[in-house]
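Accompanying notes for the structure given below.
The values are calculated or read from the model by the stated rules, or taken from the named source; none is laboratory data. Predicted model, so just to flag it, every value in this text is computed and none were measured. In this analysis, Cβ positions are derived from the backbone assuming ideal geometry, glycine residues included, and neighbour counts consider all displayed protein chains. All accessible areas refer to the heavy atoms of the entire protein, side chains included, with ligands and DNA or RNA removed. Shrake-Rupley method; radii C 1.70, N 1.55, O 1.52, S 1.80 Å.
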Amino acid sequence: MDIYKNALRPLLFTLLKADPEWMHSSTIRSLSWLGKTDHQAPASWINQRLVQSFCLSDARLEQNLFGLHFPNPLGLAAGFDKDGVAVPIWSKLGFGFAEVGTVTFHAQPGNPRPRLFRLPLDKAALNRMGFNNQGAAAMLARLAQRKQELNLSVPIGINLGKSKITPLEEAAKDYLDSFRLLKNFGDYFVVNVSSPNTPGLRSLQDAPMLSSILDALQHENNAYKPIFVKIAPDLEWEAIADIISLAKTYQLAGIIATNTTIRRDGLKTKVIDQTGKSPQEEAGGISGAPVKERSTEVIRFIWQQTAGQLPIIGVGGIFTPEDAWEKITAGACLIQVYTGWIYEGPAMIRHVLQGLLYKLEQSGLNSICEAVGLQGKMEK
């Protein structure tokens with residue numbers, strides 16, 4: 001971790017000022033190659049080294065949730081592997097699960113570049129990618145082609161979004177079309193109605209609109225795949241309560257809290273180098289440390305409102321074992337990382353998991369599931 005943080009990250013971020021999207025694309029290509037050539041040298045040797053370096057197996061971190069087995073609670077958030085090209089590699093980097101997408105029914109290029117920015121002073125990223133992806137049919141073809149050889153040891157979720165060309169009033173059919181294609185290839189599914197980068201998308205979080213989407217999916221869900229809804233951190237408590245009610249009505253597996261924020265208050269970054277403008281002048285969602293506190297508040301609220309009966313996947317601003325522990329004890333049974341992983345490096349996963357084991361020992365607990373909602377339990 002120190003080599004990455006003290007040498008490689010400063011070289012890429014500061015000295016070379018490498019474009020974040022170029023770096024991301026290069027990383028995904030490399031990881032995709034490792035996954036495709038897993039049984040061939042030198043990729044097989046590299047994969048073995050990855051497992052030895054980054055994976056941590058301990059029964060205390062395992063959980064069985066909504067019919068799936070999770071070897072540990074730390075997963076890769078949606079947005080990194082948009083097209084599911086690196087699915088075989090995520091378990092070898094130490095993740096307990098991974099979420100691919102966001103995928104839309106229609107392939108789309110996303111928003112104009114530049115559209116991804118680092119904010120190092122804030123340990124954050126600003127993105128307005130716009131659901132750039134190759135479409136649900138392309139993901140289906142890729143996953144179907146490799147299904148026989150994908151002996152995956154971790155659950156893989158698929159995050160579904162609305163195609164930009166689809167009118168809001170036809171959103172339910174758009175999500176349904178993607179789900180129909182992919183329902184046999186994801187272990188769980190996520191209805192993403194909270195990205196700020198598709199016009200009007202967040203309006204789908206309103207109860208009537210979201211209800212139509214969930215109704216369509218559950219009628220099609222004859223394989224009983226777990227379905228989640230991913231919400232924004234910027235919602236008012238009343239709106240979150242409405243979504244909780246819908247989650248119960250439509251028997252969702254749970255809620256993912258939260259997506260990126262459109263708030264800009266408290267940022268230290270004054271000017272973004274690529275554009276010469278302030279973050280306040282740039283469209284897009286902020287991820288990383290600035291969303292940490294709010295996402296934890298939302299997790300705690302959902303846990304309290306549901307008496308801990310609705311599974312929560314917590315995401316937003318996780319960099320350290322302490323950040324992860326805070327999310328879990330607030331009520332998240334699983335957690336996800338993206339921006340923190342970019343800043344901290346690949347060794348972060350093992351470091352966080354080791355820290356969680358230490359926290360369990362400190363608290364006298366035998367399993368990570370005993371820590372879920374611990375803050376609320378102690379207050380009672």
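Inside the range 296-310, can you point out the residues that are within 15 Å of residue 243 (Cβ to Cβ) and either among the basic types (Lys, Arg) or buried (at least 24 other Cβ atoms within 10 Å of the Cβ) (or both)?
298, 299, 302, 303
Quick check on my filter: what residues within the range 361-373 are open to solvent by 30 Å² or more (accessible area, probe 1.4 Å) and part of a helix (DSSP H, G or I)?
Across the range 361-373, the qualifying residues are 361, 362, 363, 369, 370.
When you go through (1) among the charged types (D, E, K, R); (2) crowded, with 20+ Cβ neighbours inside 10 Å; (3) at pLDDT below 95 one by one for residue 225, which number turns out not to apply?
Of everything listed in (1) among the charged types (D, E, K, R); (2) crowded, with 20+ Cβ neighbours inside 10 Å; (3) at pLDDT below 95, residue 225 misses just condition (3).
Give the number of residues within the range 187-222 that are of a type outside the set (Asp, Glu), part of a helix (DSSP H, G or I) and open to solvent by 30 Å² or more (accessible area, probe 1.4 Å).
8
Before we move on, is residue 142 assigned to a helix (DSSP H, G or I), of a type outside the set (Phe, Trp, Tyr), open to solvent by 40 Å² or more (accessible area, probe 1.4 Å) and in contact with a helix residue (DSSP H, G or I) (Cβ under 9 Å, 6 or more places away or on another chain)? Even if it seems obvious, please write down each step before you answer.
Details: assigned to a helix (DSSP H, G or I): yes; of a type outside the set (Phe, Trp, Tyr): yes; open to solvent by 40 Å² or more (accessible area, probe 1.4 Å): yes; in contact with a helix residue (DSSP H, G or I) (Cβ under 9 Å, 6 or more places away or on another chain): yes.
Answer is yes for this residue.
From the residues in the range 329-339 that are small (Gly, Ala, Ser) and in a loop (DSSP other than H, G, I, E, B), which one is surrounded by the fewest Cβ atoms within 10 Å (Cβ to Cβ)? Lay out the reasoning, then the answer.
Step one: of the range 329-339, the residues small (Gly, Ala, Ser) are 330-332.
Next cut, in a loop (DSSP other than H, G, I, E, B) only: 331-332.
Values: 331: 28, 332: 31.
For the range 329-339, the residue satisfying everything is 331.
Where residues in the range 259-274 are within 21 Å of residue 198 (Cβ to Cβ) and in contact (Cβ under 8 Å) with a residue 24 or more places away in the chain, which of them is most open to solvent (accessible area, probe 1.4 Å)? Step through it out loud before you land on a result.
Let us first name the residues in the range 259-274 that are within 21 Å of residue 198 (Cβ to Cβ), namely 259-264.
Among the residues that remain, those that are also in contact (Cβ under 8 Å) with a residue 24 or more places away in the chain are: 259-263.
Working: 259: 22, 260: 16, 261: 11, 262: 93, 263: 142 Å².
Going through the qualifying residues, I end up with 263.
Quick one: residue 285 ticks every box in (1) out of contact with any Phe, Trp or Tyr (no Cβ under 6 Å at 6 or more places or on another chain); (2) open to solvent by 10 Å² or more (accessible area, probe 1.4 Å) except a single one, so which number is it?
(2)
Only one of (1) assigned to a loop (DSSP other than H, G, I, E, B); (2) in contact (Cβ under 8 Å) with a residue 40 or more places away in the chain is not met by residue 184, so which one is it?
(2) is the only condition that residue 184 fails.
Residue by residue through the range 263-283, note down the ones that are within 14 Å of residue 118 (Cβ to Cβ) and among the aliphatic types (A, V, I, L, M).
267, 271, 272
Being out of contact with any Leu (no Cβ under 8 Å at 6 or more places or on another chain) and modelled with pLDDT of 95 or more narrows it down to one of 147, 164, so name that one.
Being out of contact with any Leu (no Cβ under 8 Å at 6 or more places or on another chain) and modelled with pLDDT of 95 or more holds for just one of 147, 164, which is 164.
Assigned to a helix (DSSP H, G or I), within 24 Å of residue 232 (Cβ to Cβ) and either at pLDDT 95 or above or not aromatic (Phe, Trp, Tyr) (or both), is that true of residue 326?
The answer is yes for residue 326.
Is it the case that residue 307 is free of Cβ contacts under 8 Å to residues at least 40 places away in the same chain and more than 16 Å from the chain's Cα centre (by Cα)?
So residue 307 fits the description; yes.
Tell me the residue from 342, 318, 299, 313 that is assigned to a helix (DSSP H, G or I) and under 26 Å from residue 20 (Cβ atoms), please.
Numbers: 318 fails: assigned to a helix (DSSP H, G or I); 299 fails: under 26 Å from residue 20 (Cβ atoms); 313 fails: assigned to a helix (DSSP H, G or I).
Of 342, 318, 299, 313, the one residue that is assigned to a helix (DSSP H, G or I) and under 26 Å from residue 20 (Cβ atoms) is 342.
Within the bounds of the range 231-251, is there any residue that is within 21 Å of residue 335 (Cα to Cα), in contact with a Ser or Thr (Cβ under 7 Å, 6 or more places away or on another chain), assigned to a helix (DSSP H, G or I) and of a type in the set (A, V, I, L, M, F, W, C)?
Yes, there is a match, as at least one residue in the range 231-251 is within 21 Å of residue 335 (Cα to Cα), in contact with a Ser or Thr (Cβ under 7 Å, 6 or more places away or on another chain), assigned to a helix (DSSP H, G or I) and of a type in the set (A, V, I, L, M, F, W, C).
Tell me, yes or no, whether the range 43-59 has at least one residue that is of a type in the set (Gly, Ala, Ser), modelled with pLDDT of 80 or more and open to solvent by 70 Å² or more (accessible area, probe 1.4 Å). Lay out the reasoning, then the answer.
Let us first name the residues in the range 43-59 that are of a type in the set (Gly, Ala, Ser), namely 43-44, 53, 57, 59.
Subset that is modelled with pLDDT of 80 or more: 53, 57, 59.
Cutting the leftovers down to open to solvent by 70 Å² or more (accessible area, probe 1.4 Å) gives us 57, 59.
There is at least one residue in the range 43-59 that is of a type in the set (Gly, Ala, Ser), modelled with pLDDT of 80 or more and open to solvent by 70 Å² or more (accessible area, probe 1.4 Å).
Determine, yes or no, whether residue 346 is touching a residue at least 60 places away in the same chain (Cβ under 8 Å), farther than 30 Å from residue 248 by Cα and not hydrophobic (A, V, I, L, M, F, W, C).
Yes, satisfied.
Which one of these does residue 285 not meet: (1) under 12 Å from residue 376 (Cβ atoms); (2) under 17 Å from the mean Cα position of the chain (by Cα)?
Condition (1) is where residue 285 drops out.
Between 173, 164, which is in a loop (DSSP other than H, G, I, E, B), over 24 Å from residue 318 (Cβ atoms) and among the charged types (D, E, K, R)?
164
For the range 187-233: of the residues being of a type in the set (D, E, K, R) and free of Cβ contacts under 8 Å to residues at least 40 places away in the same chain, which is farthest from residue 153 (Cα to Cα)? Show your work before the answer.
Of the range 187-233, the ones of a type in the set (D, E, K, R) are 187, 202, 206, 215, 220, 225, 230.
Those still in the list that are free of Cβ contacts under 8 Å to residues at least 40 places away in the same chain too: 202, 206.
Working: 202: 34, 206: 36 Å.
Among those that are of a type in the set (D, E, K, R) and free of Cβ contacts under 8 Å to residues at least 40 places away in the same chain, it is 206.
Among the strands (runs of 3 or more DSSP E) lying completely within the range 33-123, list those that include at least 1 residues that are of a type in the set (S, T, N, Q).
63-65, 97-103
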